[in-house]
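The values are calculated or read from the model by the stated rules, or taken from the named source; none is laboratory data. All figures in this text were calculated on a predicted structure; none of them were measured in a lab. Positions of Cβ are backbone-derived with ideal geometry, glycine not excepted, and every protein chain shown enters the neighbour counts.
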Amino acid sequence: MAVTVITGLEDDSDILQNERVIDMDPVIAMLDPDSSQFTTMLMRVARSSGFSSKAEWLEDELFPRLSSVVSGGATDAATITVAAGEGAYFRAGDVFRNARTGKAQRVISVATDTITPTGALGRVAHAAAAASDQLLITGNASAQGATLGARKITKRVAQFNYMMIERSPYGFTRTLMASKLYGGPEPMKERKKKAIEHKRAIEYTLFWGTKALDVSGSEPNGQAGGLFEFIITNVKNAAGVLTKTNLDSFMRDFLAHGNTNGVLFVSPIVAQAISGFLRDAWQPTETGARLWGAKVDGLISGAFGYRIPVIVKRDWNDFSTASGQYGGWAFYVNMDGVELVTLRNTELLRDRQANDADSYDEEYLTEFSVKVKHERQHGIITGVTG
């Protein structure tokens with residue numbers, strides 16, 4: 001073998017690179033931490049054990065007290081036709097008042113969606129009804145000695161969601177596991193990372209999962225529907241810049257039902273918009289403060305006065321805001337109206353490789369679903385671009 005001769009001062013580039021001890025940080029830096037706050041909250045306060053591949057629940061509500069006019073009521077005591085299906089809200093003896101005119105009447109009889117009322121009662125004289133007038137049923141007046149009259153109750157509604165098996169597998173050759181590695185051996189490094197990825201997948205399912213059951217294969221494949229699958233009534237499109245007026249209007253609809261235990265999960269662009277409401281109000285509370293802007297971790301509904309925590313979903317900043325995509329979304333969740341149901345709790349399953357494989361496999365597995373009760377007590381804001 002020929003000898004290589006170095007003349008002069010030997011420097012860093014002259015040595016064999018194999019000789020160099022690498023200055024390697026023993027801790028591997030992760031770009032993103034665990035940001036699955038919704039899943040964490042449900043696991044701690046709203047979680048139950050399932051016992052079937054289908055999660056089911058019942059919903060009910062108080063008897064309706066509002067209806068709307070379609071036609072009629074042009075003259076005093078004339079029949080009034082209400083919106084389709086709303087005739088069932090009335091029974092003989094019900095006293096109702098037109099919210100626009102103030103005229104009060106009592107129901108004599110009901111035929112499908114057509115009401116036959118008395119003439120005007122009380123201090124407000126006859127005033128013609130108009131389409132879309134709201135009718136408020138204030139109570140039911142029975143004559144002395146009368147029988148029970150019509151008996152009416154609301155019928156409970158059955159709801160369901162499917163259980164979904166979420167799996168996050170990973171594996172290594174035995175040769176790699178026997179090797180000495182910076183940052184520690186495998187599978188120790190990947191195990192921690194996969195736990196975060198597994199929880200993040202559950203989180204995305206809770207927001208955007210699809211409720212479906214595929215029976216085309218040899219075994220059924222259930223998919224759990226998330227908030228987006230259930231929330232239909234209160235979906236608000238900001239269609240651009242989120243204003244204070246828009247947000248107050250949205251929150252008024254979101255808070256109309258359910259209790260006050262709600263949380264607003266927002267993308268960074270929505271958080272920026274809310275913070276911007278106070279951006280011109282620079283009022284330092286400390287001497288020498290040089291801060292500008294506002295940190296928002298909650299808001300108070302102008303309509304109801306409730307304080308609502310705001311949780312920023314930092315990882316949603318990766319989502320596009322173009323054409324109403326998820327980067328400009330926010331979810332209002334009544335936490336007492338959602339429940340995480342687990343048929344099999346999250347578990348780290350080891351030694352998943354085939355018996356004759358010269359490898360080692362593990363996986364995280366969770367079989368879960370979510371109950372989204374009374375979708376009208378939740379809400380979604382879309383289309384925020386600034």
Strands (runs of 3 or more DSSP E) wholly inside the range 140-255 that include at least 3 residues being surrounded by fewer than 17 Cβ atoms within 10 Å (Cβ to Cβ) and under 30 Å from the mean Cα position of the chain (by Cα):
157-162, 164-173, 212-214, 235-240
Candidates Ser275, Ser301, Ser323, filtered to the one that is modelled with pLDDT of 90 or more and either of a type outside the set (Lys, Arg) or within 20 Å of the chain's Cα centre (by Cα) (or both):
Ser323
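Each row is one residue, and each column tells you yes or no for (1) polar (S, T, N, Q); (2) closer than 18 Å to Val266 by Cα; (3) in contact (Cβ under 8 Å) with a residue 24 or more places away in the chain.
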| position | (1), (2), (3) |
| --- | --- |
| Ile300 | no, yes, no |
| Leu349 | no, no, no |
| Ile380 | no, yes, yes |
| Val384 | no, yes, yes |
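Could you run through the range 299-313 and say how many residues are surrounded by 13 or more Cβ atoms within 10 Å (Cβ to Cβ) and either not assigned by TED's automatic domain parsing to the domain that holds Arg200 or not in a loop (DSSP other than H, G, I, E, B) (or both)?
The initial filter retains those residues of the range 299-313 that are surrounded by 13 or more Cβ atoms within 10 Å (Cβ to Cβ), namely 299, 301-304, 306, 308-313.
Narrowing further to those that are either not assigned by TED's automatic domain parsing to the domain that holds Arg200 or not in a loop (DSSP other than H, G, I, E, B) (or both): 299, 308-312.
Total meeting the criteria: 6.
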Do we have any residue at all in the range 231-242 that's under 17 Å from Phe368 (Cβ atoms), touching a residue at least 40 places away in the same chain (Cβ under 8 Å) and not acidic (Asp, Glu)?
no
